[in-house]
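Take a look at the structure set out below.
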Amino acid sequence: MKGDRVGEFEELTLLAVRALEDAAYAVSVQEFTEREAGRDVSMGAVYASLDRLERKGFVQSAFGEATPERGGKRKRFFHVTPLGLQTLRDLRRVREGIWQGLERTSRS
């Protein structure tokens, strides 16, 4: 599955992980995506998206230390891999190209 395409919600999730850097875990990704995309996001959708992105090689995860605030549970933190970063750059380039094409055709 590595190298598969990225769906719209996976792209938003990948962007959230990139933006959050060292603070990217499921809850922070959900909150960031809701705030920035202006839409409700379920935790189930976030977990599924993070899992797919990890299976595709776009993100990697590691568990942090256990904390008393979480009852001794550890957070699973995510970071974007080099493949994920290249994928984001490619997606941006494609979208910018499409918008430039639309702007050229709307002026004619």
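The values are calculated or read from the model by the stated rules, or taken from the named source; none is laboratory data. Note that the structure is a prediction, hence the values are computed from the model and not measured. Methodologically, a virtual Cβ is constructed for each residue, glycine included, from the backbone with ideal geometry; neighbour enumeration extends over all protein chains shown.
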For this session: Report, ordered by the first and then the second residue, all pairs with beta carbons closer than 6 Å, sequence separation of six or more or different chains, a first member in region 10-36 that is within 19 Å of residue 91 (Cα to Cα) and without any contact (Cβ under 8 Å) to a residue 24 or more places away in the chain, and a second member that is aliphatic (A, V, I, L, M) and in a helix (DSSP H, G or I).
Result: 16/29; 33/12; 33/16
For this session: Can you tell me which residue within region 55-87, out of those that are hydrophobic (A, V, I, L, M, F, W, C) and over 13 Å from residue 6 (Cβ atoms), is modelled with the lowest pLDDT?
Result: 66
Seminar exercise, completed: The condition of being exposed (fewer than 13 other Cβ atoms within 10 Å of the Cβ) and either within 20 Å of residue 18 (Cβ to Cβ) or touching a residue at least 12 places away in the same chain (Cβ under 8 Å) (or both) holds, among 63, 77, 58, only for 63
Exercise. Among the residues of region 41-54, is any over 20 Å from residue 5 (Cα atoms), in contact with a Phe, Trp or Tyr (Cβ under 7 Å, 6 or more places away or on another chain) and of a type outside the set (D, E, K, R)?
Worked result: no
Problem set entry | Set 31, 36, 21: member being more than 9 Å from the chain's Cα centre (by Cα), closer than 17 Å to residue 82 by Cβ, among the charged types (D, E, K, R) and assigned to a helix (DSSP H, G or I) | 21
